[in-house]
Amino acid sequence: MATKKKKKNGFKKFWQLGREEVNTGAFDITEEGTLLVREGNYQYNIMDIIKKHGTSTEIFFPTVVENRVRDLIETFNAYIKVTGYKGRFHYHYPMKVNQNKEFVLPAVAEGANLDVGSANELFLVKRMVEQDKFNNKIRVICNGPKTDRYMELIEELKGKGLIVIPIIEDRVELERMKKFKGEVGIRVDLNVKVDSHWDKRYNRFGFTEEELLDLGKIRNLAVLHYHVSSQIERIEGFIQPLKRALALYAKMREKNPNLDTLDIGGGGGVPYDKKKRFYIGKNLINQIVKTAKKQSDKLGIRHPNLIAEWGRYVVAPAQITIYKITAEKQAYNKGSNSWYVIDGSFMNDLLDTWAIKQKWHVVPVNHMHSKKLAHVWLAGSSCDSDDKYTAGGSYILLPKLGEVDELYVAFLDTGAYQDSLASHHCLLSSPLKLLAQNGEIKVLRRRESPEEVGKQFGW
Ligand SMILES: *Cc1c(COP(=O)(O)O)cnc(C)c1O
């Protein structure tokens with residue numbers, strides 16, 4: 001008995017599951033070697049779901065969004081309390097990270113405010129407000145280029161009594177905003193570079209620090225906003241910009257005494273790579289609040305209210321994507337990895353694989369106890385040679401085909417950005433989208449039929 005148990009835990013460790021520190025605490029392996037996901041004390045055998053619904057399939061767990069939003073808000077508030085910080089904290093969920101209604105509403109229901117980036121996103125907020133579905137205390141930050149349509153919506157919602165705060169991005173908007181009757185924010189392109197998932201040498205958003213100081217007094221200015229990057233890799237990458245922004249904030253307050261809020265933007269990361277150490281939210285938030293307090297005291301300013309707009313951090317871990325391996329092909333490469341072909345497409349369903357060389361944690365959904373493993377690369381089923389995932393040129397370890405009947409694989413942390421970037425290269429259908437909560441499985445979007453895909457292209 002004892003040896004059997006040890007072996008089982010060995011596989012769990014091998015696939016990097018059940019580890020809180022890399023956010024796989026909810027994942028386990030069943031007796032029969034299939035992937036298990038827990039929601040509190042309930043558990044889903046992913047293979048059972050796949051047998052019923054087929055692949056390619058995305059499974060969304062709203063409880064993850066709820067827990068992460070609640071934790072984030074509670075942790076900020078707890079550190080604000082213990083450090084004696086005088087400002088307040090507001091969390092704004094950036095809609096662009098995943099606009100599916102089923103993602104946004106659990107966040108809002110846990111107390112998230114919103115950050116929108118376009119007229120169309122704000123239009124969805126307007127609809128919820130008109131249907132009386134949103135508490136009118138919800139705060140909406142408006143980023144992105146303010147087209148006429150966008151400005152009209154901002155003004156309309158402001159007129160309805162909603163707290164809408166447009167963020168000024170350039171001089172044209174600055175001019176336009178002189179007519180706006182409510183509080184506004186302004187965006188700075190901070191002169192700092194941080195380690196993040198992608199190179200941001202050139203930032204085209206916002207004003208430089210010098211420009212902002214030259215502007216002097218800005219009408220109704222309440223918020224100073226910055227957003228340096230996404231998937232920031234180290235805590236230092238948050239602290240350095242924060243210090244710089246606070247110094248600027250202090251100077252801007254001399255001419256803008258109503259400036260009372262610092263919006264630190266997005267950038268909270270998730271440990272996509274389960275083998276490397278990554279910071280945890282609690283430590284990150286602790287450092288942010290501590291630094292804000294220490295620096296503000298040093299600068300002799302009142303502690304600003306803080307806004308965070310972490311999107312990826314909240315929603316990436318809330319979804320997994322599952323494919324079936326449909327074929328194996330010989331690959332002629334150095335590691336002599338073979339290609340496993342999936343019944344979906346990286347370029348369509350997980351576009352960042354191609355766009356920013358995103359790395360994913362890939363685990364089998366069945367045959368998880370298999371001892372015969374292969375070094376593989378994964379190929380999408382579009383006709384494009386770029387439709388592949390090679391884990392940055394190394395390999396993905398999966399059960400050897402031939403030793404097993406059917407093989408399914410799961411990609412973890414697919415809840416951020418991939419849905420709205422999804423496309424239809426080779427007219428492949430998008431995956432089925434399921435929701436799993438309280439032990440029930442609900443179909444959110446059916447797998448597209450050929451008619452439905454054709455229709456989008458005028459057929
Ligand atoms: C994209 C974006 C965010 C969210 O970034 P994450 O890295 O997902 O946290 C926040 N604020 C602004 C202004 C953004 O453009």
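The values are calculated or read from the model by the stated rules, or taken from the named source; none is laboratory data. Values in this document were obtained by computation on a predicted structure and should not be read as measured data. For neighbour counting, all protein chains shown are included, and Cβ atoms are generated from backbone atoms with ideal geometry for every residue, glycine included. Protein only, heavy atoms only, side chains kept; ligands, DNA and RNA dropped before computing areas. Shrake-Rupley method; radii C 1.70, N 1.55, O 1.52, S 1.80 Å.
Using 0.36 nm per residue and subtracting the Cα-Cα separation, the extra length available between Asn41 and Trp459 on full extension is 145.7 nm.
In this structure, the amide hydrogen of Ser196, modeled 1.01 Å from its nitrogen in the peptide plane, lies closer than 5 angstrom to those of Glu233, counting only residues at least 5 positions away or on a different chain. In terms of distances greater than 19 angstrom between alpha carbons, the cross-link table entries Lys137/Lys217; Lys275/Lys400; Lys137/Lys160 yield Lys137/Lys217; Lys275/Lys400. Close amide H contacts of Gln437 (hydrogens built in the peptide plane, cut-off under 5 Å, sequence separation of 5 or more or a different chain): Lys442. Note on region 305-459: with charges restricted to the Cβ of Lys and Arg (+1) and Asp and Glu (-1), its dipole about the Cα centre is near 340 debye.
When the scattering of region 8-83 is computed by the Debye formula from its Cα atoms alone, each counted once and equally, what is log10 I(q)/I(0) at q = 0.21 Å⁻¹? Here log10 of I(q) over I(0) equals -1.02.
Rounded, prolate or oblate: which fits the chain, taking a ≥ b ≥ c as square roots of the Cα gyration tensor eigenvalues, rounded meaning a/c under 1.5, else prolate when a/b beats b/c? The shape class here is prolate. Modelled this way, with points 7 Å down the Cα-to-C-beta line, the labels at Arg171 and Asp273 are 4.3 nm from one another. Normalised by 2.2 N^0.38 Å, where N is the number of residues, the C-alpha radius of gyration of region 94-207 stands at 1.13. Straight-line cross-link partners of Lys442 among the aspartates and glutamates, defined as a Cα under 12 Å from its Cα and at least 8 positions apart when in the same chain: Glu58, Glu102. On the basis of the beta-carbon distance and an R0 of 22 Å, Lys181 and Arg139 show a calculated FRET efficiency of 0.85.
Pull out a ≥ b ≥ c, the square roots of the eigenvalues of the alpha-carbon gyration tensor of region 39-98, then state rounded if a/c is under 1.5, prolate if not and a/b is larger than b/c, and oblate in the remaining case.
Values: a/c = 7.10, a/b = 2.45, b/c = 2.90.
Oblate, because a/c is 1.5 or more while a/b does not exceed b/c.
Sequence-ordered 3J(HN,Hα) estimates for region 333-339 from the Karplus curve with 6.51, -1.76 and 1.60 and θ = phi - 60° stand at 9, 4, x, 6, 6, 9, 7 Hz, glycine and proline given as x. Here, region 84-310 is characterised by an Rg to Rh ratio of 0.95, where Rg is the alpha-carbon radius of gyration and Rh the Kirkwood radius.
With the cut-off at 32 Å, tell me which of the pairs Lys96/Lys298; Lys193/Lys255; Lys179/Lys433 have Cα atoms farther apart than that.
Values: Lys96/Lys298 36 Å; Lys193/Lys255 28 Å; Lys179/Lys433 44 Å.
Too far apart for the 32 Å limit: Lys96/Lys298; Lys179/Lys433.
Applied to region 151-168, the Karplus parametrisation 6.51 cos²θ - 1.76 cosθ + 1.60 on θ = phi - 60° returns per-residue 3J(HN,Hα) values of 4, 4, 5, 4, 5, 4, 5, 4, x, 7, x, 7, 7, 10, 10, x, 9, 6 Hz, with x for Gly and Pro. Full extension of the segment from Asp48 to Asn77, taken as 0.36 nm per residue of separation minus the current Cα-Cα distance, would add 6.4 nm.
Can you pull the percent of the chain's accessible area that's carbon plus sulfur, 1.4 Å probe, other chains left in place? Intermediate results must be reported in sequence, preceding the final value.
Values: 10730 of 21750 Å².
Carbon with sulfur: 49 percent of the solvent-accessible area.
Taking a straight Cα-Cα cut-off under 17 Å and skipping sequence neighbours fewer than 8 places away in the same chain, the aspartates and glutamates within cross-link reach of Lys81 are Asp71, Asp297.
Of the beta bridges DSSP finds with both residues in the chain, what % are antiparallel, to the nearest 5?
Of those bridges, close to 50 percent are antiparallel.
Normalised per residue, the accessible area of the chain is 47 Å², obtained with a 1.4 Å probe and no contribution from ligands, DNA or RNA. Residue by residue, region 316-321 carries 3J(HN,Hα) couplings of 3, x, 8, 9, 10, 10 Hz when phi is fed to the Karplus relation 6.51 cos²θ - 1.76 cosθ + 1.60 (θ = phi - 60°); x denotes Gly or Pro.
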